[in-house]
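Visitor: Please see the structure below; I have some questions.
Any read-out appearing in this document is the output of simple, stated calculations on the displayed coordinates, not a laboratory observation. Owing to the predicted nature of the structure, the values given are computational and were not obtained by experimental measurement. A quick note on method: Cβ atoms are made from the backbone with ideal geometry, for glycine too, and the neighbour counts reach across all protein chains shown.
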Amino acid sequence: MHKIDIETYDLAGTRNLVEIRHKYPPENQRRALGEFLRAHRERVAPETLGLAAGTRRRTPGLRREEAAQLCGLSVTWYTWIEQGRDVSISPSTLARLARGLRMSRAERVYLFELAGKLDPEWASDILEDIPLPVLACVDAIDAPAYVLDRYWTARRWNAKAKRLFAGWLDRDGMPNLLRFVFLSSEARTLICGWEERAHRVAAEFRAATTGHVDDPALHRLVDELHRESADFARFWDAQAVLKREGGERTFNHPCGGFLCFRQISLTMANWPDFRLTMLLAQD
């Protein structure tokens, strides 16, 4: 069976979908999807779903007709999917498969990756609280570090990040990176090459929110920025799309003078709505 590293997800999902289609011919994708479904079905204990285990089962786990019934699909259609036949599988069908077979979050993500589809659940998820291990991780990092949520609002940052990002992370509440970049005069002074960086921030945010196009809070944020910042409106309307990457970041700090860092950004495998960013000092 083909192997995919499911810990390298991007919120937008675009890059991964392109890669999987390039890496696997369609027939191989269908076969890999079928193998995964069959293996998962055979691991599910019938009694955990309220089904009688029985004494005459010739195969482990669920029967195909039982899996089809749990997922709200016809037995024929479910069988064709398991067999890797050339059938069109919609995101809603994949969601029924994930729910009916009681897949974990990681398994659901893997299922949608194999099918080359975006998960509609991404647009309706309630943004969760940051888990305690993530909070501890940020506090333990010996460099400026912070965590952004789906809307690029800072949800956690350490003391060094607070000192570095004057006008953003030294404020009360949960400060938003986009509001800081486009609505704060302090950002234009702090960030070297503000025009280029701001253009890239808008393009990266567009890419990062591809999976949340139906999120009302996201639309309110974009509308606010579009209304309040002519620069954001100009960059956003350009429809540029860029993957959020690290690289050199330079600042004109009001107390520290010229500062140079190497930015590292990491997507969290178990919490895809959050992204950890660190800035490592450069000579």
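Visitor: Could you run the Karplus curve 6.51 cos²θ - 1.76 cosθ + 1.60 with θ = phi - 60° over the stretch 210-217 and give me ³J(HN,Hα) per residue in whole Hz, x for Gly and Pro?
Guide: Taking θ as phi minus 60°, the curve returns 4, x, 10, 5, 9, 7, x, 5 Hz for the stretch 210-217.
Visitor: Please compute the modelled spin-label separation between S88 and A269, points set 7 Å along Cα→Cβ, answer in nm with one decimal.
Guide: 3.5
Visitor: Are there trypsin sites (Lys or Arg not before Pro) in the stretch 197-271 that DSSP puts in a loop and that have at most 14 other Cβ atoms within 10 Å, and which ones?
Guide: K243
Visitor: If you average 1/r across every pair of different Cα atoms in the stretch 132-281 and take the reciprocal, what Kirkwood value do you get, in Å?
Guide: Final number for the Kirkwood radius of the stretch 132-281 is 15.8 Å.
Visitor: How would you order 134-141, 176-183 from highest to lowest mean count of nearby Cβ atoms within 10 Å?
Guide: 176-183, 134-141
Visitor: Run the numbers for A45 and E107: contour at 0.36 nm per residue of separation, minus the present Cα-Cα distance, in nm. Mind dumping the intermediate values first?
Guide: On the way: separation 62, 0.36 × 62 = 22.32 nm, distance 1.66 nm.
That works out to 20.7 nm of additional length.
Visitor: Along Cα→Cβ, 7 Å out, is where each label goes; now give me the distance between the ones at L218 and A230 in nm to one decimal.
Guide: 2.9
Visitor: Now, a different point. For the stretch 161-240, report the translational diffusion coefficient in µm²/s to the nearest whole number, using Stokes-Einstein at 10 °C, 1.306 mPa s, and a Kirkwood Rh over Cα pairs.
Guide: After rounding, the answer is 120 µm²/s.
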